[in-house]
Amino acid sequence: MAASTQSTVLSGAKVVLPTGTVAGGRVIVDGERIAGSASPGTPVADLTGHWIVPGFVDMHNHGGGGASFTSGTAEEVLKGVRTHREHGTTTLIASTVTGELDELARRAGLLAELTQQGEIAGIHFEGPFINACRKGAHKADLLRDPDPAEVRKLVDAAHGTARMVTLATELPGGLDSVRLLAEHGVIAAIGHTDATYDQTRRAIDAGATVATHLYNAMPGLEHRAPGPIAALLEDERVTVELINDGTHLHPAMLELAFHHAGAHRVALITDAMDAAGFGDGTYHLGPLEVEVKDGVARLVEGGSIAGSTLTLDTAFKRAVTVDRLPVESVVQAISANPAKLIGLYDQVGSLEPGKYADLVVLDASFELKGVMRRGEWIVNPGV
């Protein structure tokens, strides 16, 4: 059970701030918020030898803890949310997968209620407006072109909580749908696409600002046909999602994205499905059966990778210890950038006075030791 923290000073750790890392720093927690100063006699928790980083923000997540955001009850969705919170994700967008349009609209109603209650931070519709030849773990006979009227139907069903829609923008209606989403303040993300380089550039000019799990479910880089990857990496208006689980990406491709786009244009995501934080076995991703073996999720029929079992604490540790990225760059990609994209950076994504006291405590080896959300310990570091 989470323990309430009315007022405390977390002291002695390396604290990662927007301006850099402060050795022997401190974070002052007052109720739900980070404070600029502490009253005399405020309890002090010594976290010497640890890191304190902002709570993680996952903008692409389908479930966890054995629960699906696509098909589960409200209670099951909350189970998945709690699982990811225990792994450091204090802000989470719930992602759907391809389904019947009316079913997705109904689903949006349930997820909108959980957003309004503050349990999740909004909805990401991944499908059905994607390209059949790059469908991945989406049911082919449910795919459809991105008709702006149908895109609008899903956005309206979310009652102001839609944060992002993934589209294959080269399909009929794609560019008009991008413009529609931009007009409504919803992120248009290019993904599950077979677009050319020029088609991708036109979509970006129309208002698309995110690459859904860059490299995955899109054509690869070719010297005469650079495709969407080159267009997405080179444009300063685009943030690229990366799944850093050691399965979806070769480390060289992760390094390429950070080098070419810069840490300020990367968002580390999980693309997690039900098995995240739960274990191997048989699951469903939407209507499709998935087998998880050795932590890798694949469709039973066809063998396509079907999301991930990743949690963001694992992605963070891998980025620092395997990919050798600076801690500050990883914090930018896993907290600040997604918070900015979904319009919540005034509340979360960095350790600054006035923002929610959402933070993660890591030891010297970058193992998770504590998670605080809105001033309450979800995982108590025992200090």
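The numbers here are math on the coordinates, done by the rules we state, and not lab data. What you see is a predicted model; the values in this text were computed from it and never measured. Cβ atoms come from the backbone with ideal geometry, glycine included; neighbour counts cover every protein chain shown.
State which entries of Lys79/Lys355; Lys135/Lys355; Lys153/Lys355; Lys153/Lys293 exceed 32 angstrom in Cα-Cα distance in the structure shown.
Lys135/Lys355; Lys153/Lys355; Lys153/Lys293
Order by neighbour count: His250, His223, His184, fewest other Cβ atoms within 10 Å first, most last.
With the sparsest Cβ surroundings first, the list reads His223, His250, His184.
Pull up all non-local amide H partners of Leu17: gap of 5 or more, or a different chain, and H-to-H distance under 5 Å with H placed in the peptide plane.
Val22
With θ set to phi - 60° and the Karplus curve 6.51 cos²θ - 1.76 cosθ + 1.60, what are the ³J(HN,Hα) couplings of the stretch 183-190 in order, to the nearest whole Hz, using x for Gly and Pro?
5, 9, x, 10, 5, 9, 10, 8
Efficiency by 1/(1 + (r/R0)^6): what FRET value for Val22 and Glu289, r their Cβ-Cβ distance, R0 = 51 Å, to the nearest 0.05?
It comes out at approximately 0.55.
Based only on other Cβ atoms within 10 Å, what is the fewest-to-most ordering of His259, His87?
His259, His87
Considering only DSSP beta bridges with both partners in the chain, what is the antiparallel share in %, to the nearest 5?
Looking only at bridges with both residues in the chain, the antiparallel portion is about 55 percent.
Pop a pseudo-label 7 angstrom from the Cα along the beta-carbon direction at both Val300 and Asp46 and give the gap in nm to one decimal.
The modelled label-to-label distance comes out at 5.5 nm.
For Cys133 and Glu352 in the same chain, what is the full-extension length gain: residue separation times 0.36 nm, less their Cα-Cα distance, in nm?
Gain in length upon complete extension: 74.4 nm.
Using only DSSP helix segments of four residues or longer, with each worth -39500 (n - 2.57), what per-residue ellipticity at 222 nm results for the chain after dividing by its residue count and rounding to 500?
Estimated from H runs of four or more residues: -7500 deg cm²/dmol.
Determine, for Ser365, Ser68, the number of other Cβ atoms within 10 Å of each Cβ, and report the residues in order from fewest to most.
Arranged by neighbour count, lowest to highest, Ser365, Ser68 become Ser365, Ser68.
Apply the Karplus parameterisation 6.51 cos²θ - 1.76 cosθ + 1.60, with θ equal to phi minus 60°, to every residue of the stretch 112-124 and state each ³J(HN,Hα) to the nearest whole Hz, in sequence, with x for glycine and proline.
Result, ordered by residue: 5, 4, 5, 5, 5, 7, x, 7, 10, 10, x, 10, 10 Hz.
Please work out how much length the chain gains when fully extended from Lys153 to Gln6, using 0.36 nm per residue of separation minus the C-alpha to C-alpha distance, in nm with one decimal.
Using 0.36 nm per residue and subtracting the Cα-Cα distance, I get 48.6 nm.
Please give the Cα centre distance for the stretch 225-298 versus the stretch 131-210, rounded to the nearest Å.
Value for the Cα centre distance between the two parts: 18 Å.
Starting at the first residue of the stretch 368-380, write each ³J(HN,Hα) from the Karplus equation 6.51 cos²θ - 1.76 cosθ + 1.60 with θ = phi - 60°, in whole Hz, x for Gly and Pro.
Listing the rounded values in order: 5, 10, x, 9, 10, 10, 6, x, 10, 6, 7, 10, 8 Hz.
Angle, helix 197-206 long axis vs. longest principal axis of the chain, Cα atoms, 0 to 90°, nearest 10?
Here the helix axis deviates by roughly 60 degrees.
Take every DSSP beta bridge with both residues inside the stretch 25-120 and express the antiparallel ones as a percent of the total, to the nearest 5.
55 percent
Does anyone have the angle between helix 312-321 and the longest principal axis of the chain? Alpha-carbon axes, 0 to 90°, nearest 10?
Helix 312-321 sits at roughly 80 degrees to that axis.
Apply 1/(1 + (r/R0)^6) to the Cβ-Cβ distance of His250 and Glu222, taking R0 = 22 Å, and write down the FRET efficiency to the nearest 0.05.
0.85
Using DSSP, restrict attention to beta bridges with both residues in the stretch 51-195 and report what percent are antiparallel, rounded to the nearest 5.
10 percent
If the reach is capped at under 12 angstrom between alpha carbons, list the aspartates and glutamates near Lys369, excluding any in the same chain fewer than eight residues apart.
Glu86, Asp313
Starting from the Cα gyration tensor of the stretch 56-341, take the square roots of the eigenvalues, sort them a ≥ b ≥ c, and report rounded, prolate or oblate (rounded when a/c is under 1.5, otherwise prolate if a/b is larger than b/c, else oblate).
rounded
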